[in-house]
Amino acid sequence: MKKIKFTLLLLMIVSTINAQPPMGKFDPQSRSPGVEADTAWVATNKTVPSIARFETYPTPARGANTQGSYMLYLPKEYASTTKKYPVIYYFHGGNGSQRDGEWFIKKMDAAIASGKMPPVIIISVQALPIGWYCNANVGAQGVISGPIEDVLIQNLIPHIDATYRTIASYQGRGIEGWSMGGFGATRLAFKYPNIFGFASSLAGAVIDFKDEHNPQYLENTFGPATGKEAQKSEEYFNSVHPKKYAKENALLIKQNVKIRLLVGKEDWLYSSKGKLITKNFSDYLTNLGIKNEYTVLEGLGHMLPSDFDQNKAEYPLQFWIDAFKNQK
């Protein structure tokens, strides 16, 4: 009897191992969404400024009957016109949420009202707290990991273009991302230069795998950051890195995408252990023939959104003015 039980147990273990999906591809059936995943995709705090709205959209890329949320800004004139508008997607940083884009919406609204900035639609994305804006490697065991890239590209953008009057081309679509969101802004714009025409990285975490100070930030999306499995995790990280897509799509990026890299002089992403992280990334792009606007902000650290929101420094608006100046 004991032998039969042992045999059955062994068969169950083997079946479980064989059922695991391959590394490097997210399988939406590999784990149920769960409460934590749902609250990561749909913001629990629905508070938004008076000039914005809380909205949801279906996310079939991560499973049936699932949703995501976003903060929506429509220019004041939207209701009284029939014209189409450019869209800027705001990507929050690690451990952030869609509410992190509130400062950006307020800055843009004021600039539009003053006539400096052409009217635009802004979508502040609710992504995952630690997701790097790429599909998770299924070797990563984070409860809240998932197919972020697929959700954004296959679900959110088509939803926005179908729901609002947008300029549904790369000429009318850009991304502003802070920290981890800067990594996401550059990687998605470089991978999809036919979808995004503008990428602005604020203190973007355009780092190498071994640069990250906190292993948890890597493990949730890419897999173990230490031990014998770390090499596989690093290989997956490199396979979704902005540098990879910059090299692969350099010709189309040069034709279609305008790029801005902002970093504070006091930020570790400016200089860490003698390594000029953001400058090295800028130089990498330049060596590929990809023009980029690299700016160092004196006296500022990593928290650029807070600095801009509290007027400790003036937000450099010109990049977005130039981006859509012909859309007035």
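The values are calculated or read from the model by the stated rules, or taken from the named source; none is laboratory data. Nothing here was measured: the structure is a model prediction, and the numbers come from that model. Note that each Cβ is placed from the backbone with ideal geometry, even for glycine, and that neighbours are counted across all protein chains shown.
Remarks
- Scanning the stretch 70-93 for residues that are of a type in the set (G, A, S) and crowded, with 21+ Cβ neighbours inside 10 Å returns a single hit, G93.
Table: residues versus (1) modelled with pLDDT under 95; (2) assigned to a strand (DSSP E or B); (3) among the hydroxyl-bearing types (S, T, Y).
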residue: W103; (1), (2), (3): no, no, no
residue: M108; (1), (2), (3): no, no, no
residue: S145; (1), (2), (3): yes, no, yes
residue: G174; (1), (2), (3): no, yes, no
residue: G177; (1), (2), (3): no, yes, no
residue: T186; (1), (2), (3): no, no, yes
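- When residues of the stretch 304-327 are limited to those that are touching a residue at least 12 places away in the same chain (Cβ under 8 Å) and not in a helix (DSSP H, G or I), the one nearest to Q171 (Cα to Cα): L317
To keep it simple, each residue is scored yes or no on (1) of a type outside the set (D, E); (2) farther than 30 Å from T81 by Cα.
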site	(1), (2)
G274	yes, yes
T278	yes, yes
E298	no, yes
F319	yes, no
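- Residue within the stretch 189-201 that is assigned to a helix (DSSP H, G or I) and in contact (Cβ under 8 Å) with a residue 60 or more places away in the chain present: yes
- Conditions (1) within 28 Å of E102 (Cβ to Cβ); (2) crowded, with 18+ Cβ neighbours inside 10 Å; number of the one not met by S306: (2)
- Elements of type helices (runs of 4 or more DSSP H) contained in the stretch 216-295, each with 1 or more residues being of a type in the set (V, I, T) and either over 26 Å from I321 (Cα atoms) or out of contact with any strand residue (DSSP E or B) (no Cβ under 7 Å at 6 or more places or on another chain) (or both): 250-256, 277-287
- Only listed residue being more than 21 Å from G289 (Cβ to Cβ), surrounded by 22 or more Cβ atoms within 10 Å (Cβ to Cβ) and touching a Leu at 6+ places or on another chain (Cβ under 9 Å), chosen from A225, A205, A199, A246: A205
- Taken together, K258, K243, K247 contain a single residue that is in contact with a Gly (Cβ under 8 Å, 6 or more places away or on another chain), under 22 Å from L188 (Cβ atoms) and modelled with pLDDT of 95 or more, which is K258.
- Within the stretch 228-243, the set of residues being without any contact (Cβ under 8 Å) to a residue 40 or more places away in the chain and surrounded by fewer than 21 Cβ atoms within 10 Å (Cβ to Cβ) comprises K228, A230, Q231, E234, E235, N238.
- For the stretch 110-126, a tally of residues being in a strand (DSSP E or B) and among the hydrophobic types (A, V, I, L, M, F, W, C) returns 4.
- Single residue of the stretch 309-320 satisfying the filter (surrounded by 14 or more Cβ atoms within 10 Å (Cβ to Cβ) and more than 14 Å from L261 (Cα to Cα)) that is modelled with the highest pLDDT: D309
- Test for A199: is it under 12 Å from the mean Cα position of the chain (by Cα), closer than 19 Å to F281 by Cα and not hydroxyl-bearing (S, T, Y): yes
- Taken together, the residues in the stretch 104-130 that are more than 12 Å from L74 (Cα to Cα) and surrounded by 21 or more Cβ atoms within 10 Å (Cβ to Cβ) amount to 7.
- Residue match in the stretch 196-218 (condition: modelled with pLDDT under 95 and of a type in the set (S, T, Y)): yes
- Checked against the criterion of being out of contact with any Phe, Trp or Tyr (no Cβ under 7 Å at 6 or more places or on another chain) and crowded, with 21+ Cβ neighbours inside 10 Å, the candidates L251, L297, L288 yield just one match: L297.
- Test: residue in the stretch 87-99 that is more than 22 Å from F190 (Cβ to Cβ), in a helix (DSSP H, G or I) and of a type in the set (D, E, K, R): yes
- Going through (1) surrounded by 14 or more Cβ atoms within 10 Å (Cβ to Cβ); (2) modelled with pLDDT of 50 or more; (3) touching a helix residue (DSSP H, G or I) at 6+ places or on another chain (Cβ under 7 Å) one by one, N45 falls short only on (1).
- Selection from the stretch 52-86 of residues that are more than 14 Å from I148 (Cα to Cα), part of a helix (DSSP H, G or I) and in contact (Cβ under 8 Å) with a residue 12 or more places away in the chain: K76, E77, Y78
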